[in-house]
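First up is the structure itself, then whatever we jot down about it.
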Amino acid sequence: MAANISLFPIINDELLGKIRYQTTPYELYYINEDQEFLLRTEEIEGSAMIHKIVDDDGIWSPDDFNFCIRRKYNIRTYQCLFGENGIACNDAILGIALMWTSSDSKQRGIIPIGDIKNSAKDIDLILNYEFSKAQLRGLIEFTTIIYIKNVGKPSLKEEHLANEYGYLLGELDKFTIKLDGEGSVFPIYEINEPRQPLWYVKCEWDDPTYEKFSDCISININRAHKNYKFLDKTKRTFNEQLLKEIMSSALILIITKLKEQGNYWDVTINGDDLQSGSVSEAIYYFINTLEWDVSTPEAISLSIRKFFDQRM
Amino acid sequence: MIIKTLNREESQVAMKEWILNFPALPKIEEDYLKIREDLQEFYKNVKEECNTNNKRDYYIDSHFGILLYDYLWRQSGFSLRVAANDDFWRYLSIKVIPDIIAERWGKENESHYWSRSTRIWLRSIWWYVHLSWQGDMTSTTHLLESPCFSTDSILNLEERSGRKGTFINVYRYIMYYYSHIPKEIIEEFNKKINGREEDLFRIIMKLNTAKVMVVDPALYLGGEREYVRSLFTDAGVRV
């Protein structure tokens, strides 16, 4: 999937700066016997984007209680959004909404927050929304979006502007919470398969940009093999270098396999729209954060081995 | 019911045990024994009722699916959050009714038991019913019995949902409108595009994937219902 190219002007950093869009932080709480109890959010280590929910009283859990979100919005100089240099016709009405998406929950939705009419008034809006008990799991992403609530009559100079009900005109901000979930577990398994080699890799993906790395890849270490003793961490024969070699070879194989899938490889390299935790996201991370050189097979082999020697 | 789960590693082990001890069923606790018996009963009845050899698999998938769907909602502790948890489906598949999965897919078919999320059979038929739900059992069963649906529909609906979460209502309307198109119109449409590996259902799905990039269905004028109708209109079919 290529990056989305918009056919009409949408909100950009320059416009976003002009409208002086301000919000309070998200406030999370739950309701028990008609009473509100505040929950705290905390950044998950190594990710400024993703937050976990903490209940200091230790009562709340996603299985047993609802959870609610509340947030206040203030927008002042938004008139620049209207007219030929903006994103909507002068007499159109824009809407602000919160889009929540969760592939882990297999659900998504839209919560309207308020309207922006072309006037001089300051706009103050409040979002307050309840998610049912045991409705959601895993990661949930909240994106504040702006859209066409009501179409206008475009003047001659406004014909390039979006003017269809519901058209999305850009994102104002993003916030992600994690209700539960496995950390990033490296998918190494021990198997017991006589007459099979000491180790092998399985890559079973249809769409690597979407499917989870830990779900469709497995590196299998065979206990039934006579040389397993070199990989058994409880034995004195354990040889760390052999384990590193296996990991390196397995990762080279995985990267090479993805590289053979031209379209998916391009998307992976660009890092566009990759599902959190997916094969492509992991490989994007290897390349961009860990700086593995994937230009040629030799380069991959060398940079991965350097990495394991330094890190393990 | 206390929700039980198997993660990938536990599934791998449990699957080996199941194959090794086949056809003995795994030992489980009392409340799950009851669930096992009930589901076995459903499966047996569905098989007996099925008097067609044509689309037999679809008959079983959809009818067993709807019974499973209704049954699980009636268990305390079951929720959407549970239904979205692959590890719950893994437990149900390998520990509770591995015999039924074996009958449908063979006893060693790992991907339909646990290894490929989108292929775990119980998960896939439960969500197929959820995404087709029309408010009650009778109308949903009626919809699923429409001749335009097949095991391909289950695959298409399940495998295309995802990425950033599923537009549940959109799928329910797609199923509704699609099932109401006369057979001749679908056939005529599919004949027109003959040669390409496509049919109307898949084209609607693809149009949806493209359209949600620019407009959120819930914000469309007239909401999700009108949004879905517009997909059919875009494909050149009136609904």
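The values are calculated or read from the model by the stated rules, or taken from the named source; none is laboratory data. From a predicted model like this one, the values you see are computed outputs, not experimental measurements. Reconstructed Cβ throughout: ideal geometry from the backbone, glycine too, with neighbour counts over all protein chains shown. Side chains are part of the model used for accessible areas, which takes the heavy atoms of the whole protein and leaves out ligands, DNA and RNA. Shrake-Rupley method; radii C 1.70, N 1.55, O 1.52, S 1.80 Å.
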I'd like the accessible area for B:Trp133: 1.4 Å probe, protein heavy atoms, all chains in place, Å² to the nearest 10. 50 Å²
Please report the base-10 log of the normalised intensity I(q)/I(0) for chain A, using a Debye sum with one equal scatterer per alpha carbon and no solvent, at each q in 0.12, 0.13 (1/Å). -0.98, -1.06
Relative frequency of Cα-Cα separations exceeding 21 Å in segment B:1-99, percent: 39 percent
Residues of A:105-117, mean number of Cβ from any other protein chain within 10 Å of their own Cβ, rounded to a whole number? 4
Excluding A:Cys89 itself, what net charge comes from residues whose Cβ is under 11 Å from its Cβ, given Lys and Arg +1 and Asp and Glu -1? -2
To the nearest 0.05, how large is the calculated FRET efficiency for A:Asp13 and A:Cys68 if R₀ is 30 Å and r is the Cβ-Cβ distance? 0.45
Hey, could you get me the Stokes-Einstein D for segment A:80-184, Kirkwood radius over alpha-carbon pairs, 10 °C and 1.306 mPa s, rounded to whole µm² s⁻¹? 103 µm²/s
Between segment A:205-231 and segment A:256-271, what's the alpha-carbon centroid distance in Å? 20 Å
Measuring from centroid to centroid over Cα atoms, what is the spacing of segment B:89-115 and segment B:164-239 in Å? 33 Å
For segment A:86-96, in order, what is each residue's ³J(HN,Hα) by Karplus, 6.51 cos²θ - 1.76 cosθ + 1.60 with θ = phi - 60°, in whole Hz (x at glycine and Pro)? x, 10, 9, 4, 3, 9, 7, 10, 8, x, 10
How large a share of the accessible area of segment A:188-311, in percent, is made up of carbon and sulfur atoms when the probe is 1.4 Å and the other protein chains stay in place? 48 percent
For segment B:162-239, what does the accessible surface come to per residue with a 1.4 Å probe? Please give it in Å². 52 Å²
What is the sum of charges around A:Gly166, taking Lys and Arg as +1, Asp and Glu as -1, for the other residues whose C-beta is under 11 Å from the C-beta of A:Gly166? -2
I need the Debye-formula profile for the protein assembly as shown: one equal scatterer per C-alpha, no solvent, reported as log10 I(q)/I(0) at q = 0.07, 0.08, 0.11 1/Å, two decimals. -0.49, -0.65, -1.21
When B and A pair up, the total accessible heavy-atom area removed from solvent (1.4 Å probe), in Å² to nearest 100, is 3500 Å²
Residues in segment B:120-168 that, when all protein chains are in place, have 30 Å² or more less accessible area than the chain alone would give (probe 1.4 Å): B:Trp127, B:Arg163, B:Lys164, B:Gly165, B:Thr166, B:Phe167
Neighbour-limited loop hits for trypsin sites (Lys or Arg not before Pro), segment A:11-119 (at most 12 other Cβ within 10 Å; DSSP other than H, G, I, E, B): A:Arg20
For segment A:188-311, the Cα-Cα pair-distance distribution in 5 Å bins from 0, as whole percents, is 2, 11, 19, 20, 19, 13, 9, 4, 1, 0
Under 23 Å from the Cα of A:Lys306, which lysines turn up, not counting those fewer than eight places away in the same chain? A:Lys233, A:Lys244, A:Lys257, A:Lys259
I want the local charge near A:Ala282. Using Cβ-Cβ distances under 12 Å, sum +1 for each Lys or Arg and -1 for each Asp or Glu among the other residues. -2
Across segment A:129-134, in residue order, what do the Karplus-derived ³J(HN,Hα) couplings come to in whole Hz, using 6.51 cos²θ - 1.76 cosθ + 1.60 with θ = phi - 60° and x for Gly and Pro? 8, 10, 9, 5, 4, 6
Choose one of B:Val214, B:Ser76, B:Thr166: the residue whose Cα lies farthest towards the positive end of the charge dipole of chain B (beta-carbon charges +1 Lys, Arg; -1 Asp, Glu; about the Cα centre). B:Val214
Round to the nearest 10 and give me the degree value, 0 to 90, for the angle of helix A:279-288's Cα axis relative to the longest principal axis of chain A. 90 degrees
Can you pull the Rg over Rh of segment A:13-178, Cα-only, Kirkwood? 1.04
